[in-house]
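A quick write-up on the structure given underneath.
Read the figures in this text as sums done on the coordinates, not as results from a lab. Predicted model, so just to flag it, every value in this text is computed and none were measured. Don't worry about glycine lacking a Cβ; one is built from the backbone with ideal geometry, like all the others, and counts go over all protein chains shown.
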Amino acid sequence: MTGTRPGAGPTVLVTGGSSGLGAAVVAAVAASGGRPLVLDRQPPVDGVSWTECDLADTRAAEAATRHLAEQAGGLDAVVTAAGTDVPGRLADLPGETWDRIVAVDLLATAAVIRAALPFLLTSRGRVVTVASTLGVKAVSDATAYCAAKFGVVGFTRALAAELAGQVGVTLLIPGGMRTAFFDERDPQYKPGPDAILNEPADTAAAIMFALSQPAGCAVREMVVCAEQETSYP
């Protein structure tokens with residue numbers, strides 16, 4: 001995948017690029033000679049262009065996407081790595097919390113890609129959406145997260161059909177990773193000390209593989225999880 005700027009690597013917009021998988025993707029893009037851009041509520045590592053954005057506000061997410069893309073002179077790829085979850089039974093979760101999970105994990109995915117499309121069509125770029133193993137297998141106390149991630153799976157498959165021959169579309173289905181994603185959960189929902197989790201850098205490497213394919217060759221879907229992942233299949 002070549003960049004839109006002559007002599008430069010690809011420009012890749014990463015949502016949630018300040019921590020977890022998103023930060024690992026930012027590091028991988030930079031290490032490969034590309035230019036990462038970040039949408040997040042917190043700043044990424046020094047030297048990375050970013051715009052502060054609460055992705056639950058989808059109109060703001062669209063505006064921030066356009067701003068970064070215009071500032072960079074175009075986009076070659078988008079990776080929607082931002083995600084959030086608050087596990088709990090449906091009757092116990094406040095409506096605002098449930099709605100926010102779906103907004104960040106699903107609606108913002110569509111909003112950012114919608115805003116990026118004019119730039120990606122110009123560059124014949126690529127999209128990698130980040131679902132979850134809980135986007136193909138449902139579990140208790142995760143109605144919002146499962147609804148959102150199942151939605152990402154359906155959205156991405158439809159998007160791939162819609163953009164075939166114009167923009168490469170890849171669906172990533174990752175298992176659990178060693179990130180801060182679990183830190184603020186109630187203890188009953190945290191992985192135990194013996195939990196087998198992937199390193200985010202390994203999942204980021206799979207994303208880079210999808211982004212590196214030549215025009216016309218699409219990696220449609222990838223499941224990347226620990227060998228003993230309990231949430232897949």
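A few notes on this one:
- If you plug the beta carbon distance of Arg157 and Ser212 into 1/(1 + (r/R0)^6) with R0 = 22 Å, you get a FRET efficiency near 0.50.
- Tilt relative to the chain, helix 58-72 - C-alpha long axis, 0 to 90 degrees, to 10: 30
- Approximating the spin labels as points 7 Å out from Cα along Cα→Cβ, the Glu96-to-Asp46 distance works out to 3.7 nm.
- Ranking of Phe155, Phe119, Phe209 by count of other Cβ atoms within 10 Å, fewest first: Phe209, Phe155, Phe119
- Residue order, fewest to most beta carbons within 10 Å, for Ser212, Ser231: Ser212, Ser231
- When the Cα positions of Ala160, Phe182, Ala56 are compared along the charge dipole of segment 11-224, Ala160 comes out farthest toward the positive end, with charges on each C-beta of Lys, Arg, Asp and Glu.
- Were the residues from Ala205 through His67 laid out at 0.36 nm apart, the gain over their Cα-Cα distance would be 46.9 nm.
- Relative contact order %, the chain, counting alpha carbon pairs below 8 Å whose residues are six or more apart: 20
- Set of segment 81-125 residues, backbone N closer than 19 Å to the point 7 Å along the Cα-Cβ line of Ala180: 81-87, 101, 104-105
- Counting other Cβ atoms within 10 Å as a rough exposure proxy, the listed residues Val139, Val26, Val167 run Val139, Val167, Val26 from fewest neighbours to most.
- Ser32-Val139 FRET efficiency (beta carbon distance; Förster radius 30 Å; 0.05 resolution): 0.30
- In nm, spacing of pseudo-spin labels at Arg220 and Arg89 (7 Å Cα→C-beta vector): 4.1
- In degrees, nearest ten, helix 108-123 long axis to first principal axis of the chain (Cα): 20
- Part-to-part distance (alpha-carbon centres) for segment 61-89 and segment 100-155, which is given in Å: 11
- Relative to the longest principal axis of the Cα atoms of the chain, helix 143-162 runs at roughly 30 degrees.
- Dipole check for segment 11-224: with +1 at the C-beta of Lys and Arg, -1 at the C-beta of Asp and Glu, and the Cα centre as origin, the magnitude is about 640 Debye.
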